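Student: Pasting a structure below so you can have a look.
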Amino acid sequence: MGKKERNWKTLDSVLNESWNMLSRGAAHFNDPFHWPVLGTTGKEGVSLRCVILRKFLMPGRVLVCHSDARAGKIPEISADARVSWLFYHPQRKVQLRISSHATLHADDQFADEQWAAMKPASRLNYCTTDPPGTAVERPSSGLPDFLRHKVPALIDTEKSRHNFMAIACRIDSMDWLVLQVLGNRRARFDWDETGLNAKWLIP
């Protein structure tokens, strides 16, 4: 049994290691926690999509991802701020299911800071002429002609700033599960105005 697995014997150690895994996921593009699933609720039910975990902010328990302001998840979050996250680490066999409330940031300092920290290649996602989900006759990136087949410079992408939105989600609850040959383990963490309520669960 590895050191990190031994640390899963107390609720405090499970929580601390979960924070560490989220921090590593936000910092390293090749970490499995860098590519979680984000769930929202719309008129047709639950919508799921993979996103990139851009930041994990402590002590506020805030998960941050980015979106095109014209994407379908934005009006869904505007109508219902409750969102869910799913993280899974295949090597460590750890799953986190997180419930949170999201806030949208478009024209404030937080969004400006997120935009400024982005590389030009990532900004390309917000340079499409038409909104995400627009029907087209053939496969297309949606990028305008002057940006196709080139490595963009910051100045090339700056005018797409109005299409960018940061999504910040404060964690309300977290369900932790580790899969083990000799028996799985599960715990739940809930935060409210009184503080943290942590407990073990049967997997």
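The values are calculated or read from the model by the stated rules, or taken from the named source; none is laboratory data. Predicted model only: the values in this text are computed from it and were never measured. Counting neighbours? That spans all protein chains shown, and the Cβs are built from the backbone with ideal geometry, glycine included. When the accessible area is computed, the model is the full protein with side chains, heavy atoms only, and any ligands, DNA or RNA have been set aside. Shrake-Rupley method; radii C 1.70, N 1.55, O 1.52, S 1.80 Å.
Student: Checking S78 against (1) touching a helix residue (DSSP H, G or I) at 6+ places or on another chain (Cβ under 7 Å); (2) without any contact (Cβ under 8 Å) to a residue 40 or more places away in the chain: exactly one of these is not met. Which one?
Tutor: (1)
Student: Follow-up question, since we're still on this one. Sort out which residues of segment 120-156 are open to solvent by 80 Å² or more (accessible area, probe 1.4 Å) and either aromatic (F, W, Y) or modelled with pLDDT of 85 or more (or both), and write them in order of number.
Tutor: Let us first name the residues in segment 120-156 that are open to solvent by 80 Å² or more (accessible area, probe 1.4 Å), namely 125, 129-130, 133, 135-139, 145-146, 148-151, 154-155.
Once the filter is applied, which keeps residues that are open to solvent by 80 Å² or more (accessible area, probe 1.4 Å) and either aromatic (F, W, Y) or modelled with pLDDT of 85 or more (or both), segment 120-156 yields N125, T129, D130, G133, A135, V136, E137, R138, P139, F146.
Student: For segment 37-71, enumerate the residues that are at pLDDT 95 or above and in a loop (DSSP other than H, G, I, E, B).
Tutor: V51, I52, L53, R54, M58, P59, G60, R61, A69, R70, A71
Student: Same structure again: Looking at R61, R70, R49, which one is basic (K, R), open to solvent by 60 Å² or more (accessible area, probe 1.4 Å) and in contact (Cβ under 8 Å) with a residue 24 or more places away in the chain?
Tutor: Details: R61 fails: open to solvent by 60 Å² or more (accessible area, probe 1.4 Å); R49 fails: open to solvent by 60 Å² or more (accessible area, probe 1.4 Å).
After ruling out the rest, the residue left standing is R70.
Student: Quick one: in segment 96-119, of everything that is at pLDDT 95 or above and either open to solvent by 70 Å² or more (accessible area, probe 1.4 Å) or among the β-branched types (V, I, T) (or both), which residue is nearest to R170 (Cα to Cα)?
Tutor: If we take residues in segment 96-119 being at pLDDT 95 or above and either open to solvent by 70 Å² or more (accessible area, probe 1.4 Å) or among the β-branched types (V, I, T) (or both), then H101 is nearest to R170 (Cα to Cα).
Student: Kindly indicate the residue of segment 9-46 that is touching a residue at least 60 places away in the same chain (Cβ under 8 Å) and of a type in the set (G, A, S) and also farthest from P75 (Cα to Cα) among those meeting that condition.
Tutor: Filtering segment 9-46 for residues that are touching a residue at least 60 places away in the same chain (Cβ under 8 Å) and of a type in the set (G, A, S), the one farthest from P75 (Cα to Cα) comes out as S18.
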